[in-house]
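A short worksheet on the structure shown next.
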Amino acid sequence: MISNRELFLKNTAQTSTSPRLIEVEKAEGIYLYGPNGEQYMDLVSGFNVSNIGHRHPKVIEAIQTQLEKYLHVTVYGEFVQSPQVTFATELLGQLPPSFSSVYLTNSGTEAVEGGMKIAKKFTGRRKIIAATQAYHGSTQGALSLIGDKKYRDAYAPLLPEIEFIPYNSIKDLEQIDNQTAAIILESIQGEAGVRVPDKAYMQAVRERCTQTGTLLILDEIQTGFGRTGKLFAFEHFDIVPDIVLLAKGIGGGMPLGAFVAPKEIMDVIKDNPILGHITTFGGHPVSCAAASASLAVILEQRLPQQVAQKEALFREHLKHPKIKEIRGMGLMMCIQLDTFEQVHSVSEYCAKQGLIIDWYLHHETALRLAPPLTISKEEIIHACKIIIDGIERFC
């Protein structure tokens with residue numbers, strides 16, 4: 001009999017030459033379970049998705065309730081669907097008042113595509129600026145913004161008139177001018193190895209955009225929904241972007257994304273041409289029901305307010321001379337080592353000890369640390385012990 005692992009390798013597309021091949025039978029809370037009773041603590045939250053853990057009861061209940069009503073009924077933006085309306089209204093209630101219109105998508109990369117389109121059409125400009133080492137997704141438009149040249153060149157030609165500036169460098173903001181439609185930045189760079197910008201830098205970006213009529217797009221796809229200790233990471237910098245991009249932690253484990261803007265900006269897709277940005281499955285009613293339940297859990301349990309204490313506990317129990325640095329904010333951190341070989345060995349060791357930890361697309365010498373916000377004090381201490389054991393063995 002052919003195993004699921006063999007069928008996986010034979011019949012499903014592979015995204016790398018060395019997939020992890022951990023078979024998952026079930027997930028609950030902060031744990032994944034294999035077919036033979038294996039238990040793994042998930043310290044990456046399905047890559048910043050499961051902010052409230054896997055299969056939260058409130059999310060499952062909301063999904064089941066919506067399943068009894070309807071699934072997909074038509075393309076996005078035509079029929080009045082209660083889950084979409086309810087979630088969009090709840091989301092706007094948590095954002096600054098300048099935001100007044102939500103476009104729901106299937107994913108983060110689709111949110112990026114939509115944000116780019118409305119920025120160009122609203123401003124009438126073509127140039128977009130992104131940051132070196134940025135990651136915004138893998139579709140052709142979003143890939144055009146990726147900060148690593150080798151990833152762009154492999155799929156060239158991509159979008160024209162994209163320029164790059166160093167992240168967190170105030171002097172390079174002069175490149176933003178009156179020909180720039182938008183600058184798109186991650187509020188905290190993720191795949192670059194968790195790079196937290198200076199508050200002065202983010203405020204300088206906002207000021208320069210205001211001066212030049214450039215739209216500021218902030219990518220909160222990894223940082224949103226409490227991960228950094230605020231519901232949205234841009235709140236740490238006392239600024240408000242013009243467009244915000246959301247996904248990952250938005251849907252409680254269901255596929256969903258969004259780009260959010262003032263209505264005057266969003267309305268450019270309504271005509272000239274009509275249906276200027278459309279999606280069949282974006283804002284799926286089941287995903288929106290799950291998102292409403294997930295947001296309610298985050299707010300009612302005050303999960304963002306618990307993040308700083310949990311971050312401090314991780315930092316306290318991850319002190320070791322072979323750790324070069326722990327970077328990050330809240331429960332979005334990285335453990336800096338010396339080499340990818342060390343990272344890979346420690347990661348493999350942790351998996352064998354029942355702990356899932358990973359690394360970064362553009363920074364392979366650091367371990368990714370982004371557990372569900374619901375992780376307990378005891379679980380943090382236990383996880384840190386395994387990580388330190390692995391570092392002592394392989395670094």
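The values are calculated or read from the model by the stated rules, or taken from the named source; none is laboratory data. This is a predicted model, so every value here is computed, not measured. Note: ideal-geometry Cβ built from the backbone for every residue, glycine included; neighbour counts use all protein chains shown. Surface areas here come from the heavy atoms of the whole protein model, side chains and all, with no ligands, DNA or RNA. Shrake-Rupley method; radii C 1.70, N 1.55, O 1.52, S 1.80 Å.
So what's the convex hull volume per residue for the Cα atoms of the stretch 160-313, in Å³? Could you put the intermediate results ahead of the total?
On the way: hull volume 22.7 nm³, N = 154.
Looking at the stretch 160-313, the number lands at 147 Å³ per residue.
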Report the Cα centroid-to-centroid distance between the stretch 122-164 and the stretch 311-359 in angstrom, as an integer.
30
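Counting other Cβ atoms within 10 Å, which GluC sites (Glu not before Pro) in the stretch 67-160 have at most 13 and lie in a DSSP loop?
On the way: sites: GLU68, GLU78, GLU90, GLU110, GLU113; in loops: GLU68, GLU78.
Sites meeting the loop and neighbour criteria: GLU68, GLU78.
For the cross-link pairs LYS26/LYS117; LYS149/LYS230; LYS150/LYS248, which exceed 27 Å when the distance is taken from alpha carbon to alpha carbon?
Values: LYS26/LYS117 39 Å; LYS149/LYS230 32 Å; LYS150/LYS248 25 Å.
Beyond 27 Å between Cα atoms: LYS26/LYS117; LYS149/LYS230.
Using the Cα atoms as the points, what is the convex hull volume per residue of the stretch 1-120 in Å³?
Values: hull volume 24.4 nm³, N = 120.
Roughly 203 Å³ of hull volume per residue.
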Calculate what fraction, in whole %, of the accessible area of the chain sits on carbon and sulfur atoms when a 1.4 Å probe is rolled over the protein chains.
53
Between the stretch 38-66 and the stretch 227-255, how many Å separate their Cα centres?
18
Run a plain Debye calculation on the chain (Cα atoms as equal point scatterers, no solvent) and give log10 I(q)/I(0) at q = 0.08, 0.10, 0.13 Å⁻¹, rounded to two decimals, same order as the q list.
-0.42, -0.67, -1.15
In Å², nearest 10: area of ARG206 left accessible to a 1.4 Å probe
40
Given 10 °C and 1.306 mPa s, how large is the Stokes-Einstein diffusion coefficient of the stretch 255-395 in µm²/s, with Rh as the Kirkwood radius over Cα pairs?
88
Taking H placed 1.01 Å from N in the peptide plane, check which residues at least 5 places from ALA366 or on another chain put their amide H under 5 Å from its amide H.
LEU337, TYR360
Using DSSP, restrict attention to beta bridges with both residues in the chain and report what percent are antiparallel, rounded to the nearest 5.
60
Can you tell which of GLN353, ALA308, THR365 lies farthest toward the positive end of the dipole of the chain, using +1 and -1 charges on the Cβ of basic and acidic side chains (Lys, Arg; Asp, Glu)?
THR365
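Over the chain, give the accessible area per residue in Å² for a 1.4 Å probe, as an integer.
Ligands and nucleic acids excluded, the result is 45 Å² per residue.
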